[in-house]
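Everything below concerns the one structure shown next.
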Amino acid sequence: MLKLPGLIDPHVHVREPGQTHKEDWDTATQAALAGGVTTILGMPNTKPPIFDNSTLDLALNAAKQKARCDYGQYVGAGPDNAATLPTLASKAAGLKMYLDSTFGELRLDDMTLWMPHFEKYPKEYPVVLHSESRTMAAGILFAAIYDHPVHIAHISLKEEILLIKAAKERGIKVTCEVCPHHLFLTKSSPSGRGQGEGERDGPSLRPQVF
């Protein structure tokens with residue numbers, strides 16, 4: 001028998017508040033424990049999004065009442081909340097920045113919207129980027145310019161891995177994660193298809209962190 005310590009899943013779409021018919025803190029943490037995961041970190045692109053003090057408290061209060069394992073909740077970077085988010089850093093799992101498509105109000109379409117978040121969010125707290133290909137490259141450049149560690153979510157392309165490897169070799173503070181189906185499925189796989197944020201992972205497909 002192979003014994004492992006309790007695992008940490010840093011990328012979970014709990015869907016509470018707003019879409020509890022899909023998932024909530026009770027069902028998400030039950031599924032986590034069934035798979036040997038003892039800590040989960042919830043993503044902020046809910047309805048409403050978790051992007052200020054009141055919505056962060058809404059999510060954390062729900063988790064406190066329902067969660068069956070340890071947990072944390074990310075706060076989302078928005079177009080106009082960079083000044084207030086640093087005050088929430090101590091009670092958030094980290095800052096999530098959506099540089100590519102997502103639903104809701106959290107997509108940052110313009111790089112000038114990234115700058116205040118990199119400038120203001122405390123460097124001792126994590127910044128997680130939803131970014132792909134060219135926006136991922138731009139995010140790594142921002143990490144280098146502002147000397148702020150970043151974690152890249154759900155890597156799925158060879159070119160992304162090669163760029164992250166090159167960045168790490170040059171001392172840029174970047175880590176990444178990949179979902180199991182990104183390792184084993186391709187566009188030619190019978191079940192392979194384009195997937196958007198929130199569809200890439202689920203209770204039975206947990207990200208691997210590097």
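The values are calculated or read from the model by the stated rules, or taken from the named source; none is laboratory data. All of these numbers come straight from a predicted model, not from anything done at the bench. Note: ideal-geometry Cβ built from the backbone for every residue, glycine included; neighbour counts use all protein chains shown. What goes into the accessible areas is simple: the full protein's heavy atoms, side chains included, and nothing from ligands, DNA or RNA. Shrake-Rupley method; radii C 1.70, N 1.55, O 1.52, S 1.80 Å.
Is it true that some residue in the stretch 116-127 is open to solvent by 50 Å² or more (accessible area, probe 1.4 Å) and within 13 Å of the chain's Cα centre (by Cα)? Show your work before the answer.
Narrowing the stretch 116-127 to residues open to solvent by 50 Å² or more (accessible area, probe 1.4 Å): 119-120, 123-126.
This time we only want the ones that are within 13 Å of the chain's Cα centre (by Cα), so: 126.
Checking the stretch 116-127: at least one residue is open to solvent by 50 Å² or more (accessible area, probe 1.4 Å) and within 13 Å of the chain's Cα centre (by Cα).
Tell me, yes or no, whether the stretch 91-98 has at least one residue that is closer than 30 Å to residue 3 by Cα and surrounded by fewer than 17 Cβ atoms within 10 Å (Cβ to Cβ). Quick ask: steps written out before the conclusion?
Filtering the stretch 91-98 for residues closer than 30 Å to residue 3 by Cα gives 93-94.
Of the ones still in play, those that are also surrounded by fewer than 17 Cβ atoms within 10 Å (Cβ to Cβ) are none.
Checking the stretch 91-98: not a single residue is closer than 30 Å to residue 3 by Cα and surrounded by fewer than 17 Cβ atoms within 10 Å (Cβ to Cβ).
So, in the stretch 23-47, exactly how many residues are within 22 Å of residue 121 (Cα to Cα) and open to solvent by 40 Å² or more (accessible area, probe 1.4 Å)?
0
When you go through 111, 97 one by one, which is the residue that is more than 17 Å from the chain's Cα centre (by Cα), of a type outside the set (Phe, Trp, Tyr) and over 14 Å from residue 176 (Cβ atoms)?
Working: 97 fails: more than 17 Å from the chain's Cα centre (by Cα).
The match here is 111.
Tell me which residues, restricted to the stretch 99-115, are open to solvent by less than 60 Å² (accessible area, probe 1.4 Å) and either free of Cβ contacts under 8 Å to residues at least 12 places away in the same chain or among the charged types (D, E, K, R) (or both).
100
For a quick check of your reading of the model, give me the residue pairs whose first member lies in the stretch 1-22 and is open to solvent by 50 Å² or more (accessible area, probe 1.4 Å), whose second is outside any strand (DSSP E or B) and among the basic types (Lys, Arg), with beta-carbon atoms closer than 9 Å and at least 6 apart or on different chains.
7/206; 18/47; 21/15; 22/15
Out of (1) under 18 Å from the mean Cα position of the chain (by Cα); (2) free of Cβ contacts under 8 Å to residues at least 12 places away in the same chain, what's the single condition that is false for residue 72?
Among (1) under 18 Å from the mean Cα position of the chain (by Cα); (2) free of Cβ contacts under 8 Å to residues at least 12 places away in the same chain, the lone unmet condition for residue 72 is (2).
The conditions are (1) part of a loop (DSSP other than H, G, I, E, B); (2) touching a helix residue (DSSP H, G or I) at 6+ places or on another chain (Cβ under 7 Å), and residue 56 fails exactly one of them. Which is it?
(1)
Given the criterion more than 22 Å from residue 154 (Cβ to Cβ), surrounded by 16 or more Cβ atoms within 10 Å (Cβ to Cβ) and in contact with a Leu (Cβ under 7 Å, 6 or more places away or on another chain), identify the matching residue among 56, 60. Spell out how you get there, then give the answer.
Values: 60 fails: in contact with a Leu (Cβ under 7 Å, 6 or more places away or on another chain).
Testing whether each residue is more than 22 Å from residue 154 (Cβ to Cβ), surrounded by 16 or more Cβ atoms within 10 Å (Cβ to Cβ) and in contact with a Leu (Cβ under 7 Å, 6 or more places away or on another chain) leaves just 56.
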